[in-house]
Amino acid sequence: MEEEAQDLCLQHKRVEYRVITDRSNVCRDLFRQVASATGFCDQRRLGLLLHDSIQIPRQLGEVASFGGSNIEPSVRSCFQFANNKPELEAAMFLDWMRLEPQSMVWLPVLHRVAAAETAKHQAKCNICKECPIIGFRYRSLKHFNYDICQSCFFSGRVAKGHKMQYPMVEYCTPTTSGEDVRDFAKVLKNKFRTKRYFAKHPRMGYLPVQTILEGDNLETPVTLINFWPVDHAPGSSPQLSHDDTHTRIEHYAN
């Protein structure tokens with residue numbers, strides 16, 4: 001399941017994520033960890049939160065997949081989204097997190113994986129014929145009644161007539177009647193679009209916030225928040241640490 005979660009984070013396919021699990025409370029609690037007494041957060045405080053949060057993929061050796069260790073571009077992205085205001089309020093941060101920025105995309109993925117573990121969908125996989133589909137369900141937004149189970153999706157299997165660039169929607173919980181109607185309308189709309197259209201309009205599954213070798217580093221003193229005990233030498237930089245093998249590889253490749 002861990003490998004599937006990593007694959008899901010990095011999908012460049014046209015996949016929409018429908019998440020029933022409410023992540024707002026989690027993100028709001030994270031914001032409160034660094035917000036001031038007035039309930040606002042400046043760039044410095046947001047940098048503290050993002051730096052400590054990125055330690056989870058960093059300890060797993062996957063920090064390069066989420067843009068690297070330098071969190072300055074993520075801070076810049078968030079404040080640009082908030083029209084470059086000097087301080088953020090919780091609602092602005094939550095709206096930015098709903099876009100699933102690259103440096104934090106592992107958090108909603110974790111929620112989707114947890115929600116999908118026991119999910120049972122009354123649908124049949126068009127490839128392996130599994131019915132009902134257990135776990136993640138991927139519904140085509142190009143063809144009617146075309147579903148794929150998570151095993152076939154992660155292995156890249158497709159049925160005849162369905163291309164990898166076609167849009168799909170992911171469900172980690174059973175669909176509602178409203179979602180079924182909404183997807184039907186999207187399939188009908190996409191029926192009039194060609195393969196060239198989908199090839200020319202790729203869609204990311206997250207908000208790109210590439211941080212490797214970009215921008216200045218924001219240092220993180222361990223006095224404000226410290227979710228994981230990490231030693232920080234004075235003046236040290238989180239970028240391109242000796243532990244970040246993936247980051248170094250990409251650095252040398254470029």
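The values are calculated or read from the model by the stated rules, or taken from the named source; none is laboratory data. Model, not experiment: these values are computed from the prediction. So basically every Cβ, Gly included, is an ideal-geometry build from the backbone, and we count neighbours across all protein chains shown.
Miscellaneous remarks
- For the range 78-87, the count of residues that are modelled with pLDDT under 90 and closer than 30 Å to Cys149 by Cα is zero.
- Of Val113, Val158, all but one fail to be without any contact (Cβ under 8 Å) to a residue 40 or more places away in the chain, under 16 Å from Glu170 (Cβ atoms) and surrounded by fewer than 21 Cβ atoms within 10 Å (Cβ to Cβ); the exception is Val158.
- Cβ separations smaller than 6 Å between residues 6+ apart or across chains give the following pairs from the range 187-203 residues that are assigned by TED's automatic domain parsing to the domain that holds Leu141 and modelled with pLDDT of 75 or more to residues that are assigned to a loop (DSSP other than H, G, I, E, B) and of a type in the set (Phe, Trp, Tyr): Val187/Phe144.
- Only one of the listed residues (Arg58, Arg32, Arg45) is part of a helix (DSSP H, G or I), charged (D, E, K, R) and more than 19 Å from Ala90 (Cα to Cα). That residue is Arg58.
- Residues within the range 77-98 that are under 12 Å from Arg32 (Cα atoms) and part of a loop (DSSP other than H, G, I, E, B), tallied: 1
- Qualifying residue in the range 104-126 (condition: touching a His at 6+ places or on another chain (Cβ under 9 Å), closer than 29 Å to Phe192 by Cβ and outside the structural domain of Ala64 (by TED's automatic domain parsing)): yes
- All of (1) surrounded by 18 or more Cβ atoms within 10 Å (Cβ to Cβ); (2) modelled with pLDDT of 85 or more hold for Lys129 with one exception: (1).
- Residue tally, condition buried (at least 17 other Cβ atoms within 10 Å of the Cβ) and part of a loop (DSSP other than H, G, I, E, B), over the range 144-155: 1
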